[in-house]
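The values are calculated or read from the model by the stated rules, or taken from the named source; none is laboratory data. Here the structure is a predicted model, which is why all the values come from computation and not from measurement. Using ideal geometry, Cβ is built from the backbone for each residue, glycine included, and neighbour counts are taken over all protein chains shown. Calculation scope for accessible area: heavy atoms of the full protein, side chains included, ligands and nucleic acids excluded. Shrake-Rupley method; radii C 1.70, N 1.55, O 1.52, S 1.80 Å.
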Amino acid sequence: MVLQVGSLEGRGVIELENASLLSPSFPRKDAPFVKDSPIDHECQNFSQDVIRSKVLSSIKVVVFSTKINLLMPFGPLAILIDKLFHSHGWVFLFSLLGIIPLAERLGYTTEQLAFFTGPAVGGLLYATFGNATELIISIHALKSGLIRLVQQSLLGSILSNLLLVLGCALFAGGLVFHKREQVFNHADAAVDFGLLLMAVMGLLFPAVLHATHTEIEYGKSQLSLSRFTSCIMLVAYASYIVFQVKSQKNLQVPVDEDKSFNEDTSNDAEVPEISMWESMIWISILTGGISILSEYLVSTIEGASKEFQMPVAFLSVILLPLVGNAAEHVGSVMFAVKDKLDISLGVAVGSSIQISMFVIPLCVVVGWMIECPMDLNFQPFETTSLFMSVIIVAFMLHNGTSNYFKGMVLILCYLIVSASFYEHIDPMSIEDNPSIAGP
C-alpha cells in the first residue's frame, strides 16, 4: 500500500493504491480479514472532534457570550416551583425572568440567520421572529380565551418601545454627547410615524363604533370591521417591507452625508458568528423554550395578580412588555451612545411598527381561524394612551434632532402611563369578569 498526500485547491487528498482495499469485490485469498484500518479510526476520531468542537463553539457563542443569560436558570425554576409549590406569583415572576434571555438570544440568532438570506428574506425574518415572544404569548392567551390579555400586552409593548426604550436611548445618547444635539434622518421617521398613526386609526374606529352604539349589528359590526382592517394593515406592512428593501438605500442618507456614511458602514461591516444551520437550530430551540414558559406565564397571571395585589391590566401593559422588549432596550441604548441614532430609532420605532401593523392584525386573523372573537376594540382608555404616546413622540422627533431632555420627557410620560394603568379598573378584565376566560 502506497500512501500519497497532496493538495488540491488547499485541501488534503489521500490516495490509496491498493487494489484489494479499493475493490472489495475481488479480494485476495491469502489476505487476512481486516475490520477497520488505522486511517478509518483516525478519520472517525477527526470527524467526531470537529463536530464536538463546533457544538461547543456554538454553545459558547450563543449561551455564554452575554451576561443576560445568567437569568436562564429562572425558567427551569419556574417549572419546578409550579410542580412542587403551585405558587402562581413566583411561577409568573420566574417565568418572566426566564423568558428575557431567551427573547434576547432569539433576536440574536435571527440576526445571524439574516446574514445568509439577503435583505428581502431578512426583512421577513425580522417581521416573524423580531417580536416572536409577544406573538407566542398572544397565541397561548388566545387559545385560553384571554382576549384582553392579548390586547393589553401588545398595547404595552408599543407604549414601552415608544416611551421607555426610545426615551432611555435618547437620554443616554444625550448625556454622552451633551455638548451638541444628535441628528437623525427625519424623512424616515416621518414614514414610520405615518404607519403608527395608521395603526392608531385602525384601533380607534372599532372602539368609537362600539362606544357610540352606532353599529348595524351590536357586537358583530366591530368584529367584522376589525377583521377587514387587520387584513388591510397586513397588506400595508408587507408593502412597507418591500418599500424598505427597495428604497431605503436611496432615502436613508442625505447626499452631503453619503461619503461619511459609506466610510462608517465599511468600518462597521459585520460577519456572522454562527453558521446558517446553527442559527436555524438555535431558533427552533429558543422558540420552543419561550413557548413553554409562555404557557406558564399566561396560566398564572390571574393568580399572580391576586398574590401581588396588582391589577391584571398593570401586569399585562407594564410588566409583560418588559420581557419582549429587553433586547430592543439594550440594543437601542447601545446604538444611541455610539451616535448611531438612526439605528437606535429603527430598533425602537421599528419594533412598535411590527407589533401594531403585523402582530396585532395577525392575532386578529389567528383568532378568526380558531373562532376566538379577537378584535381591534382596545377600549377608549387604552386607545387614548396609544394615540397620545404616538403624538408626543412624533412632536419630539419632528425636526430630526435629539438631546437628553427629550429622552427624559419620554421616560416621564411612561411613568405617567404606568401609574394610570395601576389605578385603572378594566371593566372587561379577567378579575372582574371571570366568565371571559373560557372553559
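Just by accessible area at a 1.4 angstrom probe, what is the order of Arg105, Arg227 from largest to smallest? Don't skip to the answer; put the middle values down first.
On the way: Arg105 10, Arg227 50 Å².
Correct descending sequence by accessible area is Arg227, Arg105.
Think of the range 125-247 as having a plus end and a minus end, set by charges on the Cβ of Lys, Arg, Asp and Glu; of Tyr237, Gln151, Asn131, Asn131 sits farthest toward the positive end of this dipole. At an R0 of 22 angstrom, the distance between the Cβ atoms of Lys338 and His186 translates into a FRET efficiency of 0.65.
Exceeding 19 Å between C-alpha atoms, which entries from my cross-link table qualify? They are Lys179/Lys406; Lys340/Lys406; Lys143/Lys306. Walk me through the numbers on the way to the answer.
On the way: Lys179/Lys406 15 Å; Lys340/Lys406 17 Å; Lys143/Lys306 22 Å.
Beyond 19 Å: Lys143/Lys306.
FRET efficiency for the Arg52 to Phe228 pair, using the beta carbon distance and R₀ = 56 Å, is estimated at 0.55.
Given the peptides 373-379, 387-393, arrange them by the average over their residues of other C-beta atoms within 10 Å, most packed first. It would help to have the intermediate numbers written out before the result.
Working: 373-379: 22.0, 387-393: 18.9.
Highest-to-lowest ranking by the protection proxy: 373-379, 387-393.
Of all accessible surface on the range 108-233 at a 1.4 Å probe, what whole percent is carbon and sulfur? Carbon with sulfur: 71 percent of the solvent-accessible area. The packing ranking, built from the mean of other Cβ atoms within 10 Å per residue, places the peptides 178-190, 80-92, 310-322 in the order 310-322, 80-92, 178-190, highest first.
Annotation: for a label point projected 7 angstrom from Cα along Cα→Cβ of Ile391, residues of the range 165-208 with backbone N closer than 20 Å are 167, 190-208.
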